1. Among (1) part of a loop (DSSP other than H, G, I, E, B); (2) at pLDDT below 95, there is one condition Phe89 misses while meeting the rest; what is its number?
2. Among the helices (runs of 4 or more DSSP H) lying completely within the stretch 1-73, list those that include at least 2 residues that are under 19 Å from Trp111 (Cα atoms) and at pLDDT 90 or above.
3. May I ask you to list the residues in the stretch 145-199 that are open to solvent by less than 50 Å² (accessible area, probe 1.4 Å), in a strand (DSSP E or B) and closer than 15 Å to Glu213 by Cβ?
4. Give the residues of the stretch 23-39 that are more than 20 Å from Val81 (Cα to Cα) and surrounded by 13 or more Cβ atoms within 10 Å (Cβ to Cβ), sorted by residue number.
Amino acid sequence: MRVVIAGAGSVGRSIARELLRNGHQVLLVDKEADGERVTKVPDAAWLQADACELSALTEAGVADCDVVVAATGDDKANLVVSLLAKTEFGVPRTVARVNNPKNEWMFDEAWGVDVAVSTPRLMTALIEEAVSIGDLVRIFEFQQGRAAMVEMTLPEGSPYAGARVGDVAFPPDTVLTAIIREGAPIAPSRDDALEPLDELLFITTGDGESELESMLSPGTQRQKRELDD
């Protein structure tokens, strides 16, 4: 897979290292792609240019890449890169970094963003996931299809504690993807039983979230979680 990353700060470089480690081809585009930065990810290809300019994306060969990652520290720049990559070059998949959670509403298909990644929201979700029992925690949102990955630690008083997975009628468009029990992941089958304090990972829609929480943890009142600056 060939990936172009706009922004070679700490985030962009970290993404590049992981992709290279997994055997992918990576090109980093940054206005400050000087010798010092290049030495930090020597196995990547580099282009010193402004990724918000069409000429730079053309030189980067964006039309022939599989994924464009907009990873700069500027939300406006990330939106421009995503929009140009999608509309001008037809890139199959765009991933954009959200620096300010208040800007999340703009990172959608209208701006050419397939997947938006908000670091503050992910950190909040992981904190909530670590301490919440019986509350549904949104871990990740897939912009293309309006689906989300959510997690719940099954409370001991749940009416479905001890139930077979195959006997549970989950809400429409909801899939149980994994059970984490005593730190070990389990790929759920119809014959697996749900046990108290299991961490359950689901893919579901926005409409299914409240229904899923009410079903597995009756009496829990879901509150909309917002992030402030």
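The values are calculated or read from the model by the stated rules, or taken from the named source; none is laboratory data. Remember, predicted model here, so these are calculated numbers, not experimental data. So basically every Cβ, Gly included, is an ideal-geometry build from the backbone, and we count neighbours across all protein chains shown. Side chains are part of the model used for accessible areas, which takes the heavy atoms of the whole protein and leaves out ligands, DNA and RNA. Shrake-Rupley method; radii C 1.70, N 1.55, O 1.52, S 1.80 Å.
1. Every condition holds for Phe89 apart from (2).
2. Values: elements: 10-21, 35-40, 54-59.
Fully inside the stretch 1-73 and qualifying: 54-59.
3. Ala148, Val150, Glu151, Met152, Thr153, Leu176 - these are the residues of the stretch 145-199 that are open to solvent by less than 50 Å² (accessible area, probe 1.4 Å), in a strand (DSSP E or B) and closer than 15 Å to Glu213 by Cβ.
4. Pass one, the stretch 23-39, residues more than 20 Å from Val81 (Cα to Cα): 23-24, 34-39.
Those that are more than 20 Å from Val81 (Cα to Cα) and surrounded by 13 or more Cβ atoms within 10 Å (Cβ to Cβ): His24, Arg37, Val38.
Listed here are the residues, each with its yes/no results for (1) surrounded by 15 or more Cβ atoms within 10 Å (Cβ to Cβ); (2) on the phi < 0 side of the Ramachandran plot.
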| residue | (1), (2) |
| --- | --- |
| Val11 | yes, yes |
| Arg21 | no, yes |
| Ala45 | yes, yes |
| Gly61 | no, no |
| Asp64 | no, yes |
| Val81 | yes, yes |
| Leu84 | yes, yes |
| Pro92 | no, yes |
